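Notes follow the structure.
The values are calculated or read from the model by the stated rules, or taken from the named source; none is laboratory data. The structure presented is a predicted model; accordingly, all values stated were derived computationally and were not measured. Reconstructed Cβ throughout: ideal geometry from the backbone, glycine too, with neighbour counts over all protein chains shown.
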Amino acid sequence: MNKAQTSTGKVVSIWRYPVKSMLGEELNASYVTERGLIGDRAYALIDQETGKVASAKNPRKWEKLFDFRSVFIDHPQLAENVPHIRITLPDGTQIFSGQDKDIDYTLSKDLGRDVRLMRDNLDRPSYEEYWPDIEGLAQREKITDEAMPPRTFFDIAVIHILTTSTINRLRELYPEGRFEVRRFRPNIVVESASGEKDFTENSWKARR
């Protein structure tokens, strides 16, 4: 480490989410490409009524998505050819893409909406976002349509990093709340360096 470099902490966990807005799988390592960790958000559920991607950013419609977990059957090697997935339903039942012909019906029944499991090959994917009535937000008490990058299921960035100092600060600000790492679905969790407090990621902008 040269004089221009300082330690910001250490990576304590790596996560991949095969299906957008479902819980995912913890990894020991992963290849990273220009579109993030290989296999991350490679699948999503499409609302057949609206044609939009099911997203936990509209919790009133998709509040149950966090009760589902998805993992790859085999380890992905290429972003263009990811393997099939196993989805664990809230009651513990497991279903498999590529094997269970009724997978869309099963997911629709559990979610209470007509959905279809799809790969990231839509030219103009979009999702709905609910903006709560909180001062300072761009919108308040409103649901908006948000565009996603073509042929991806990412909201904005392809890699999401979260630090332990941010989680700890949120708990300090709202001790009555419950702040868990999995709720934020980060790809990389960094244990902040000693002495780091508050939302330390804000100081990382434009840095490597």
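Things to note:
- Residue match in the stretch 85-92 (condition: out of contact with any Leu (no Cβ under 6 Å at 6 or more places or on another chain), buried (at least 18 other Cβ atoms within 10 Å of the Cβ), within 23 Å of HIS160 (Cα to Cα) and touching a residue at least 40 places away in the same chain (Cβ under 8 Å)): yes
- Scanning the stretch 29-55 for residues that are modelled with pLDDT under 95, more than 14 Å from the chain's Cα centre (by Cα) and assigned to a loop (DSSP other than H, G, I, E, B) returns ALA29, SER30, TYR31, GLU34.
Conditions (1) outside any loop (DSSP other than H, G, I, E, B); (2) in contact with a Lys or Arg (Cβ under 9 Å, 6 or more places away or on another chain); (3) hydrophobic (A, V, I, L, M, F, W, C); (4) modelled with pLDDT of 95 or more, marked per residue:
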| residue | (1), (2), (3), (4) |
| --- | --- |
| ALA4 | no, no, yes, no |
| SER7 | no, no, no, no |
| LYS10 | yes, no, no, no |
| LYS57 | no, no, no, no |
| LEU78 | no, no, yes, no |
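- The residue list LEU170, LEU122 contains one member that is within 27 Å of GLU25 (Cβ to Cβ) and assigned to a helix (DSSP H, G or I), which is LEU170.
- In the stretch 166-185, of all residues being touching a residue at least 12 places away in the same chain (Cβ under 8 Å) and aromatic (Phe, Trp, Tyr), the one that is surrounded by the most Cβ atoms within 10 Å (Cβ to Cβ) corresponds to PHE179.
- Beta carbons closer than 9 Å, at least 6 apart along the sequence or on distinct chains, pair a first residue in the stretch 192-208 that is of a type in the set (A, V, I, L, M) with a second that is in a loop (DSSP other than H, G, I, E, B) and at pLDDT below 80 for ALA193/THR6; ALA193/SER7; ALA193/THR8.
- Single match in ILE38, ILE14 (criterion: closer than 30 Å to SER192 by Cβ and surrounded by 18 or more Cβ atoms within 10 Å (Cβ to Cβ)): ILE38
- Some residue of the stretch 140-159 being more than 16 Å from the chain's Cα centre (by Cα), at pLDDT below 90, part of a loop (DSSP other than H, G, I, E, B) and not hydroxyl-bearing (Ser, Thr, Tyr): yes
- Once the stretch 186-208 is narrowed to residues that are of a type in the set (D, E, K, R) and part of a loop (DSSP other than H, G, I, E, B), the residue that is surrounded by the fewest Cβ atoms within 10 Å (Cβ to Cβ) is ARG208.
- From the options GLY195, GLY177, residue that is more than 16 Å from the chain's Cα centre (by Cα), small (Gly, Ala, Ser) and under 29 Å from VAL53 (Cα atoms): GLY177
- Contact map, the stretch 35-54: first residue free of Cβ contacts under 8 Å to residues at least 60 places away in the same chain and farther than 11 Å from LEU117 by Cβ, second residue small (Gly, Ala, Ser) and surrounded by fewer than 21 Cβ atoms within 10 Å (Cβ to Cβ), Cβ cut-off under 7 Å, separation 6 or more or different chains; pairs are ILE38/SER30; ILE38/ALA79.
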